[in-house]
1. Just to be sure before I move on: is Ala96 at pLDDT 85 or above, in a helix (DSSP H, G or I) and surrounded by 15 or more Cβ atoms within 10 Å (Cβ to Cβ) in the structure I sent?
2. With buried (at least 21 other Cβ atoms within 10 Å of the Cβ) and over 30 Å from Thr184 (Cα atoms) as the only criterion, which of Leu67, Leu25, Leu38 stands out?
3. Residues in segment 123-138: is at least one in a helix (DSSP H, G or I) and either of a type in the set (Asp, Glu) or closer than 28 Å to Met32 by Cβ (or both)?
4. Assuming Lys161 fulfils every condition listed in (1) closer than 19 Å to Leu79 by Cα; (2) modelled with pLDDT under 65 apart from one, which condition is it?
5. Going by what's in this entry, would Arg129 be described as of a type in the set (Lys, Arg) and either crowded, with 18+ Cβ neighbours inside 10 Å or over 19 Å from Tyr181 (Cα atoms) (or both)?
6. Kindly check whether there is at least one residue in segment 117-124 that is within 14 Å of Val18 (Cβ to Cβ), crowded, with 17+ Cβ neighbours inside 10 Å, of a type in the set (A, V, I, L, M) and at pLDDT below 90.
7. Taking Ala114 as the residue in question, decide whether it is buried (at least 19 other Cβ atoms within 10 Å of the Cβ), at pLDDT 85 or above, closer than 19 Å to Ser52 by Cβ and of a type in the set (Gly, Ala, Ser).
Amino acid sequence: MNASHYPVLIHLSGINIVSYYAPTLFHDSLGMGQEQALFVGCFLQVWYIIASFLTWYMIDSVGRRRLFITMAIGMCVVLICEAITVAIDNKASGVAAVFFVFAFEACFTWGWMATVWVYPAEILPLKIRSKGAALAAAADFLGNFLVVEITPPALQNIGYKTYIIFAVFNIVAASIVWCFYPETSYLNLESVDLLFLPDEDQDQEIEAKRNFYQKALQWNVVPRARIAVNEAKQRKKAGFAEALGDIEPAQASIKISEPVHVEHKG
């Protein structure tokens, strides 16, 4: 469920208003000229790329859950401010509205954009990961389609109240993450599987995974070679002679000749 409705929450955040309809927003709601609206819209996409670089660091150092929750709340606050500035409808509020659009896109990039394909794949068990990833992709495109179709008539009929609706969706998204989304940073995929198991089943699953990897090591040459090297190093620490005793000597012998005494005739 988390993998399938997470992409839908992304589109309900209101990002499609900014990414698809930014020039329309600048032209119709803020009174910009057509060329100016297109120019600001292009610069907005450049800002979208620049802001994404910070996400590479935060996604693991801060953690998925913290980014989801804090940035969803941040997008909610920004959308409310955007609604207020659009409703006031003067030059100063228009400048503020442009600022809040850029702030919204930064919050979305830092919290939700970078994990759209990462988090669903992390929380899906290995047995259903391919099917679950396909379902998540389908949910992503379905959510995108619905929001894109709804947004233009919403902006035309209820205006700034559209931002309030998406602000509420962000609060709902933060609540869902708080209740149902586990933290997966610094966990390997096997550990993530255990997060969704009942306590009484976790020990059994851990034992099954341990047996699986022990059997896999028996047939995998590289891990066995590494284990042999490590054991040899440990034996070498215990004593150099003992380590050499485990190595079969080459089929050759080294003969040391006795010293030859040469008599000098006087």
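1. Working: at pLDDT 85 or above: yes; in a helix (DSSP H, G or I): yes; surrounded by 15 or more Cβ atoms within 10 Å (Cβ to Cβ): yes.
So Ala96 fits the description; yes.
2. Values: Leu67 fails: over 30 Å from Thr184 (Cα atoms); Leu38 fails: buried (at least 21 other Cβ atoms within 10 Å of the Cβ).
Only one candidate qualifies: Leu25.
3. Applying the first criterion (in a helix (DSSP H, G or I)) to segment 123-138 yields 123, 126-138.
From the residues that got through so far, the ones that are either of a type in the set (Asp, Glu) or closer than 28 Å to Met32 by Cβ (or both) too are none.
Within segment 123-138, none of the residues are in a helix (DSSP H, G or I) and either of a type in the set (Asp, Glu) or closer than 28 Å to Met32 by Cβ (or both).
4. (2)
5. On the way: of a type in the set (Lys, Arg): yes; either crowded, with 18+ Cβ neighbours inside 10 Å or over 19 Å from Tyr181 (Cα atoms) (or both): no.
No; evaluated as a whole, the condition is false for this residue.
6. Narrowing segment 117-124 to residues within 14 Å of Val18 (Cβ to Cβ): none.
Checked against the condition, which is being within 14 Å of Val18 (Cβ to Cβ), crowded, with 17+ Cβ neighbours inside 10 Å, of a type in the set (A, V, I, L, M) and at pLDDT below 90, segment 117-124 yields no hits at all.
7. Values: buried (at least 19 other Cβ atoms within 10 Å of the Cβ): yes; at pLDDT 85 or above: no; closer than 19 Å to Ser52 by Cβ: yes; of a type in the set (Gly, Ala, Ser): yes.
In short, no.
The values are calculated or read from the model by the stated rules, or taken from the named source; none is laboratory data. Please read all numbers here as calculations on a predicted model, not as lab measurements. Ideal geometry is used to build each Cβ from the backbone, glycine not excepted, and the neighbour counts take in all protein chains shown.
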